[in-house]
1. Any residue at all in segment B:111-132 that is in a helix (DSSP H, G or I), in contact (Cβ under 8 Å) with a residue 60 or more places away in the chain and more than 20 Å from the chain's Cα centre (by Cα)?
2. Answer with yes or no whether B:Ala115 is small (Gly, Ala, Ser), within 14 Å of chain A (Cβ to nearest Cβ), closer than 23 Å to B:Asn35 by Cβ and surrounded by 21 or more Cβ atoms within 10 Å (Cβ to Cβ).
3. May I ask you to say which residue of B:Gly242, B:Gly222, B:Gly247, B:Gly234 is more than 10 Å from every other protein chain (Cβ to nearest Cβ) and either at negative phi or modelled with pLDDT of 85 or more (or both)?
4. Six or more apart or on different chains, Cβ atoms under 8 Å: show the pairs whose first residue is in segment A:287-305 and touching a residue at least 12 places away in the same chain (Cβ under 8 Å) and whose second is of a type in the set (Phe, Trp, Tyr).
5. Look through segment B:129-147, keep the residues that are within 30 Å of B:Ile236 (Cβ to Cβ) and small (Gly, Ala, Ser), and return whichever of them is surrounded by the most Cβ atoms within 10 Å (Cβ to Cβ).
6. Considering only residues of segment B:200-236 that are assigned to a helix (DSSP H, G or I) and of a type in the set (S, T, N, Q), which is nearest to B:Ser67 (Cα to Cα)?
7. Under the condition of being surrounded by fewer than 16 Cβ atoms within 10 Å (Cβ to Cβ) and not in a helix (DSSP H, G or I), which residue from segment A:254-297 is nearest to the other protein chains (Cβ to nearest Cβ)?
8. For segment C:158-179, does any single residue satisfy the condition of being of a type in the set (Phe, Trp, Tyr) and over 19 Å from C:Tyr330 (Cβ atoms)?
Amino acid sequence: MNKGQTMHRVAVALTLIAVALIAALPALSDNYLLRLGTMGAMYAILALSWNIIGGFAGYPSFSTAAFFGLGAYSGAILQGAGLPMPLAWVAAGLIAMAFATLLGLAILHLKGHYFAIASLVVAEVLLEITTSWTSLTGGGMGLNLPIIRISIDAQARLFFWSMLAIAVMALGMNYWVSRHRLGFGLMCIRQNEDAASMVGINTTLYKVTAFALSAVLVGAAGALYASWVFYIEPPDVFATLTSVKPIVMAMLGGAGTVLGPAIGAVLFLAMEELVWRNLLQIHAAALGLLIVALIFFLPGGLLGLVTGKRKRRVVAKKGETTSNSAVKGGAA
Amino acid sequence: MLYAQILVNGLILGGLYACIAVGFSLVWGVLNVINILHGSFVVLGSYVAYFAYVHLGIHPFLSIVLSGALLFALGYVIQAGLINRVIAAPVLTTLVLTFGLELLLNNAVLVAFSADYRAVQLANPMGSQIIGGIVFPMERVMATLLALALTGLLYLMLAKSKIGRSIVAVRMDPEAAALMGVKVKRIYAVTFGVGALMAGAAGSLLSVVFPISPLNSTEFLGIAFVVCVLGGLGSIAGAMVGGLALGVIESFGALLIGPQHGLTIAFSLLILLLIVRPTGIMGRRGYE
Amino acid sequence: MRRSPSRLSVPRLSASRLMLPAAIAAGLAAAALTAPAAFAQETIKVGAPLPLTGALSPEGLKQQRGYDLWAKAVNADGGLKVGDTAYEVEIVYVDYESQTPRAVQSAERLITEDEVNFLFSPFGSGAAKAASSVSERYQIPTIAATASSPSVYDQGYQYLFGTFTPNDTLTTPLTDLVLEADDTIKTIAVYARNDLFPLAIAHEAEAAAKAKGLDVLSFDEYAIGTMDHASALTLMRTRQPDWVFVTGYINDLILIRRQLADLGVAPKVLSMIAGPAYKEFIEAAGPLADNVSSAAWWHPAVAYDGDDIFGTTADYVAAFEAEYGATPDYAEASASAAGAILGMAIEAAGSIDPQEVREALAQMDAVTFYGPVKFGETGQITSLEPPVFQIQDGTTKVVFPEAVKQTDLVIGGIK
């Protein structure tokens, strides 16, 4: 246990140092690098948020794109109506959270593939509604956001730091959940939902809370993204890939861990950038290959490799409740 | 008369939808795998039909044999070589795996055939027949009828043949089937192959209706999803009912609410159905 | 190799960060840009973010063919002559996967990382507009080969130029022509894809029809990805319009054309934008393509004697056919024209300094294989007269303007 605590402290310290280093990125004054940094922070937000419902609770959610798009359009419309930018971001996060709560009440009783499909189709429905509701959203013509009257470089820094701040919040949220009763409850649900409910865990409450948490920061990130690129259109913000990529990132780093999704997001961005740069027409195939390789050779993610949690899935399948993570959660 | 025409339009479309979905439904039901590759399988079937027609002069309605055979082989190999290895893993794993394979396959198709839209231009177009004031576009009607016939054949195969019985047995209870001497993994591969075969055959039939391009794969996949959830999983009858229902709903929705809302209606219905009746119209308890 | 120059180009970045007056910033930018170019053995890099994969990939590949042909022609000719130096042209492509934000990201990457001297806009009005803020910020002259919406150009930007005239320059002549040919045409039905360009052009068609006193029976939109149009077209049949005007991309239009025939909708005039200009449309629609009318910004049948690298329109068409074995369409020609115009501006400026090339573009008044080129105040081309054409017996025939017209518009004959 002592050794574990030391490890834990080291991990927290290293994380803080890494965040501080990343936050100093604007010192290099390379706008493209800053753009990549903003993108990386955004990826981390999406992956970490998905981790709450997908990693901890084990529900295969594909609704990240729905929350993201909803946030982007809410933020854009509110900003267009005159709400100051930061308030629009906060409002977008809350709207996404409220939406996730209602949606969660409706679909979280579904299991497995049924839940996956329901969550996937939500983004499609929102996409169609956004496209059809021309008077509010501009429909297929897309939506322009108000131009910000500050210098280009100040903008680049503003969006980078804001996105990073939300990413840190997402990391904090994962840390908090993992050490809180909620995280323990979610892990029980992942391993055996019926049993969890029998030992007195209010599974509906836990799942809906997790779903709402997995939406709030994604919604805010969507709004920030809209402000950042000035122009959004339905197929971009509701893209299915926006739902799938965070899952790949989380699996890459280690789903159900606190740091894994963030590490996965950074690695994913690096790979995407390399592949994208060097393979003009076959980067989709390269991404596909990465996914396939991940499934076969790294099923527990990178952190799983380090901490030896690769067996977790097998254990979970047998329905035992004594895996590493559960014990740790119980002690917390 | 207008409503009768819309109903006919919807039923013809629905038959095509059913044919797109039936293989997807079979794989989902028996293997508990959502095959994201399905849309690209349909597209590949269309390409086989296109090239067979342009270069060999084989009518697309006959090339279903060719596209079915090729796609069966591809499906069998993918299942036996890759998916079987993770078939026991959680839902998310197989889902993400087929998604990765779809990115690979679709990109390969794009590079091989380019995204330019092609169309099979029949030398002897069948035109339209007007019966009782209702227009029947014959190419679509024939494609739909053939689709229904193929689906019937699949139903017979599952009900009567030895391999079909094994597939049904594995769907009911893989462990019991294994005890009875069924080679479960082999049946999985055959089932996946049959699913791909149906997709390929559907692709051949659709080649006379829709322009062909790798970009269509997501649309086909979306239809397969909706049809399966509408009709209920894994049963041939479910896919038929789901397909016809979707075709009719979409047609009347476009008429009554406006053509830009056709897809919205279909997807909203899907969510609603998932929430209140996840087992579909046909109401069989799904295997989760 | 690509990365090292970016670390050295600190003066340019710091200049823009300090927000010095535009002239000084441009001067520094020029210094920073010309320096690596001199080391790179007289190569001009032009960045081209294109949708090479994803929904727009057919369009992206057309653009690429057009740009490649220009670069090949210039390099075969010994490069662009600027003073005593000859510059080879290198086009740096990035695939933005048909995602607009990715297009913006690509534009910034091309400018800051790949250090391109000039930029071609991403495809279509939406993406061109979104990316224009980046090139404006870095003061990189940018040519949009496929952006027609005036809203792209009215942002007060100095560095953006476009080779497409506004959408109404397509619909107004078409409307005039149809009504001149047959004054019994009184009603029109419009059917549009709910997407940036198709919707915009449909609204222009509606406005042009109303201005001429036509009765607009219906204006329906269909969603992106619609796989069946039977209901909308059945309804259209009951309304019996004289003229049917459909907008969308080539896959939509092939499907709609077939379903119109299936359901026996046969108006006197059937117009479709933007697909019939592509040979793939005629191949895919077969006999059904006959008598479909359309308009585009260019057509291989126009005849201009250009001062640019390609010479006459016929020369360009021949060069294109020799390279790709196919007749160029307006999208491919517009991409080549964007290159040709940029080349002329560079040679006229006698420099590759962005500011001077921008001035040369703004003052350009020349004839190219593509047509006369003169940009308006906003940077959008004003000199072009887009041809109206009709498919007759499997080939496209120009019916307007008078100067290049091949035949008369035929009314009727829609199967």
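The values are calculated or read from the model by the stated rules, or taken from the named source; none is laboratory data. Since the model is a prediction, treat every value here as computed from it, not as a measurement. Here the Cβ positions follow ideal geometry from the backbone for every residue, glycine too, while neighbour counts run over all protein chains shown.
1. Pass one, segment B:111-132, residues in a helix (DSSP H, G or I): B:111-113.
In the following step, the residues that additionally are in contact (Cβ under 8 Å) with a residue 60 or more places away in the chain were identified as B:113.
Within this subset, residues satisfying the condition of being more than 20 Å from the chain's Cα centre (by Cα) are B:113.
The answer is yes, given that some residue of segment B:111-132 is in a helix (DSSP H, G or I), in contact (Cβ under 8 Å) with a residue 60 or more places away in the chain and more than 20 Å from the chain's Cα centre (by Cα).
2. yes
3. When all the criteria are applied, what remains is B:Gly242.
4. A:Ile291/B:Phe99
5. B:Ala147
6. B:Ser204
7. A:Leu280
8. Scanning segment C:158-179, I find at least one residue that is of a type in the set (Phe, Trp, Tyr) and over 19 Å from C:Tyr330 (Cβ atoms), so the answer is yes.
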